[in-house]
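Report on the following structure.
Taken together, the values in this text are just the output of simple stated rules run on the coordinates, not laboratory data. Owing to the predicted nature of the structure, the values given are computational and were not obtained by experimental measurement. Neighbour counts run over all protein chains shown; Cβ positions are idealised from the backbone, glycine included.
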Amino acid sequence: MMKDKWSIGLIVVLLCASSYAQDFQGKATYQSKTQVNMDFGGRKIPEDRKKEIMERMKKANEKTFELTFNQTESIYEEEEQLEQPGGREGGRGPRFGAMMASGGDLYKDIKSQRYLIKNELLGKIFLVDDELEKLDWKLESDTKQIGNYTAFKATAVKTIKRPNMRAVFRRPNDLEKKEGEKKEEEFILKEVEIVAWYTPEIPVNQGPSSYWGLPGLILAVSDDITTIVCSEITLNPSEKIEIKAPSKGKKVTQAEYDEISQEKMKEMRENFRNRRGRGDGRPQ
């Protein structure tokens, strides 16, 4: 009985929302945090150095984004942060910012179900142009309050591709595959449950990062290691919002970009190992 009442209530909210969805626009600020679970591949690294690496990775994985949206388009941009004095150690080991692609300016067009994202990889700009991934969302009856909005729960299963940090930290002699030993893959594919909280009170099918497709703005979303939560919303500002799709960079598909990223990661790791072999790197 309660489930039937919830379903009827949601339908009423959606019908009311659709009546003023035309020209609806706004901005939402999100805080993104990713858990750090480093695997150093069995390497003997001093504890103080491990702590330093973990702290730098933690800071790199705590970010603030702004989502600018209307009823059909959105752009998701990272807020620029000033570099902390002494935050970079010249020449001492691989730079974690270089290991991972620096992404930004993620543009989503719900009508055409396509996205554009400008990625910087080792100083080169790429423009990824591909189809939006459509998740098979399951709408739940759970609700909770996020700020001033009532949010409904939705779940989906998503396959995520991540760099294998064991491979990143391997020594050169670890590259040799022993007989009967399984080769260490550069990337790991993993199926994870996505949990999202959306509000029909904001009648757009948008959300942070690559997420979309729910009957209301996604206010919070999480996978197995990353949590993104909305901290501030501005609706229908007096000045009309203009959303511009990124246009600079070499245009590639997502599959092409992933392949380039993988090759660049290999090159960077090999260059780093060669420097260490010549005694240029920091001794362990």
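Here the simple spin-label model places points 7 Å from the Cα toward Cβ, and for Lys190 and Lys240 these points are separated by 4.5 nm.
The listed peptides 196-205, 69-78, ordered by packing as a protection proxy, come out as 196-205, 69-78 (highest mean of other Cβ atoms within 10 Å first). Computed extension length for Glu270-Lys158: 37.1 nm, one decimal, from 0.36 nm per residue of separation with the Cα-Cα distance subtracted.
Using 0.36 nm per residue and subtracting the Cα-Cα separation, the extra length available between Lys27 and Ser112 on full extension is 28.5 nm. Could you tell me which of the pairs Lys134/Lys244; Lys33/Lys264; Lys153/Lys266; Lys144/Lys248; Lys144/Lys251 are separated by over 31 angstrom between their Cα atoms in the structure shown? Pairs exceeding 31 Å: Lys153/Lys266; Lys144/Lys248; Lys144/Lys251. Taken along the Cα-to-beta-carbon direction at a fixed 7 Å, the label points for Ser210 and Glu80 span 2.7 nm.
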